[in-house]
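Below: the structure, in structure tokens.
The values are calculated or read from the model by the stated rules, or taken from the named source; none is laboratory data. The shown structure was predicted, so the numbers you read here are calculated from the model rather than taken from an experiment. Using ideal geometry, Cβ is built from the backbone for each residue, glycine included, and neighbour counts are taken over all protein chains shown.
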2 protein chains.
Amino acid sequence: MPLLDSNARIFYRSLQFQNEIISMSGKKQFDYDHAIDAATRLFWAKGYSSTSVRDLLKVMKIGEGSFYNSVKSKQHLYLLCLKYYQDTVTAKRWKALLSESSVKKAVRRFIEIVLEDLDNPKVPNVCLMAASLSNDVLSSHDLKKYVLAEMQGLQKALTLRLEAAKSAGELSSQFQTEPVARVIVTYMQGFFRVVRVLHDRRQMEQQTEVLLSGLGL
Amino acid sequence: MPLLDSNARIFYRSLQFQNEIISMSGKKQFDYDHAIDAATRLFWAKGYSSTSVRDLLKVMKIGEGSFYNSVKSKQHLYLLCLKYYQDTVTAKRWKALLSESSVKKAVRRFIEIVLEDLDNPKVPNVCLMAASLSNDVLSSHDLKKYVLAEMQGLQKALTLRLEAAKSAGELSSQFQTEPVARVIVTYMQGFFRVVRVLHDRRQMEQQTEVLLSGLGL
DNA sequence: CATTTCTTGTATCATACGTTACAAGATGGT
DNA sequence: ACCATCTTGTAACGTATGATACAAGAAATG
């Protein structure tokens, strides 16, 4: 069974290629792009189980008819939102992590971007992905599978980035790339949780610096 | 407003002094100790919002009458359970952290105890407190206040322990006790999340060792 | 313009939730 | 033995949830 069925695939494709409007046989379509964006923001702000379908419909500006015709279920919508979130928010973070010249700078830039969202009033919560590591989301097999895959994807990408830096001589030859990558990913998960109750950017920056320099970064 | 009202205080007191049975005017009482213990386990296994009052009543072996007479609400019960959890499960971890002769050993013993619960089939989830850093719990002001206080309590205790070790010469004079304590607490939050989806004790041990030695512990 | 095909809003479903009302019963004081 | 007091189980409440049924209607095709 594919992650997205054909209807939802079309639904999501319209997000990726905003100008390519797919007009099926003979009907009108609501504003997909706006709908998914609004849904993502709401999930992001309130969490999965605390967000009701009716609230979602309101911000998406569609009725249950359209919703259950295209998206099929709340769970499915969440999957689409996670993917959308990955393509917009997370992508920026990854880019910073992978493209800078120095790993040390890259990792710090990564953290910086995350912390910038902390001050941004437009961003309701720190990380949708991190919030997905909860009972309500993980109890769905499909969602758990996706979340786990994405987390491991980040860990692997980070490992490769560290490996490259090690080969380039930027890091010592004893540097343990994979465990360090795992530590950072795990730490980030805690980071997103703690920052929600602490709300102190300076303190988070300081402790993160202690962690990174301790790890040899 | 106190954290526990008089009725609930009596309720909880019976947990602490199991032999002191408080007989009010003229009535029977259900098995408080068993009730709270069972409720804690259920919350622990399923999370706050995913656990219904009816499920709780079933394992507590009481009816809604008794429940709303003594505990008042689901939220209140959760508070009692967090406290019970603190006095039983978390207390053991703290003890290991604070009582050992060497800090380095103490911290490792702390992690070890957490990981032992990972293999224990009787323990349903890794940490009730960590699971409480979620939208559903934090959206209640009272619960958030309690959870935050407990987290900061651990952080402070750990800082003091590190400070003592520093004074004793076990740690270098440049050792940054407070940031390191914060890093560990934050990391542990991520730890409890990640371990739930990874289920790999060896890997968690390895990456934790990398973190601790990196921090100079 | 008729027909087909798909969308969309309304109304509704069945269920689950946290909580309350209350009568029946148990208990100790007097 | 009686009364006052508190407990306990049953039944129900009101609301919210995710999902569905279906008629009315829009769009393209022939």
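For region A:183-214, how many residues are buried (at least 21 other Cβ atoms within 10 Å of the Cβ) and within 7 Å of another protein chain (Cβ to nearest Cβ)?
Number of matching residues: 12.
Quick one: which of B:Val103, B:Val53, B:Val89 is within 16 Å of DNA strand D (Cβ to nearest atom) and of a type in the set (A, V, I, L, M)?
Every option except B:Val53 fails the conditions.
Tell me, please, whether a residue that is more than 13 Å from chain B (Cβ to nearest Cβ) and aromatic (Phe, Trp, Tyr) can be found in region A:87-105.
Scanning region A:87-105, I find at least one residue that is more than 13 Å from chain B (Cβ to nearest Cβ) and aromatic (Phe, Trp, Tyr), so the answer is yes.
Can you name the number of the only condition in (1) surrounded by 15 or more Cβ atoms within 10 Å (Cβ to Cβ); (2) without any contact (Cβ under 8 Å) to a residue 60 or more places away in the chain; (3) assigned to a helix (DSSP H, G or I); (4) not acidic (Asp, Glu) that B:Tyr146 fails?
Failed condition: (2).
Kindly indicate whether B:Ala131 is surrounded by 17 or more Cβ atoms within 10 Å (Cβ to Cβ), more than 10 Å from every other protein chain (Cβ to nearest Cβ) and of a type in the set (Gly, Ala, Ser).
no
So which residues in region B:67-97 are within 16 Å of DNA strand C (Cβ to nearest atom), modelled with pLDDT under 95 and either closer than 18 Å to B:Gln155 by Cα or in contact with an Asp or Glu (Cβ under 9 Å, 6 or more places away or on another chain) (or both), if there are any at all?
Matches in region B:67-97: B:Lys72 only.
Of the residues in region B:93-110, how many are exposed (fewer than 15 other Cβ atoms within 10 Å of the Cβ) and part of a helix (DSSP H, G or I)?
3
Checking A:Gln207 against (1) modelled with pLDDT under 95; (2) closer than 16 Å to B:Val183 by Cβ, which single condition isn't satisfied?
Unmet condition: (1).
State all residues of region B:108-118 that are away from chain A (no Cβ under 14 Å) and within 22 Å of A:Gln189 (Cα to Cα); if no residue qualifies, say none.
B:Arg108, B:Phe110, B:Glu112, B:Ile113, B:Glu116, B:Asp117, B:Leu118
With A:Val147, A:Val180 as the choices, which residue is touching a Leu at 6+ places or on another chain (Cβ under 6 Å) and within 11 Å of chain B (Cβ to nearest Cβ)?
Selected residue: A:Val180, the only one of A:Val147, A:Val180 that is touching a Leu at 6+ places or on another chain (Cβ under 6 Å) and within 11 Å of chain B (Cβ to nearest Cβ).
Tally the residues that are aliphatic (A, V, I, L, M) and within 10 Å of DNA strand C (Cβ to nearest atom), restricting the search to region B:53-66.
3
Only one of (1) in contact with a Phe, Trp or Tyr (Cβ under 9 Å, 6 or more places away or on another chain); (2) touching a residue at least 60 places away in the same chain (Cβ under 8 Å); (3) under 24 Å from A:Arg201 (Cα atoms) fails for A:Lys104. Which number is that?
Result: A:Lys104 passes all but (1).
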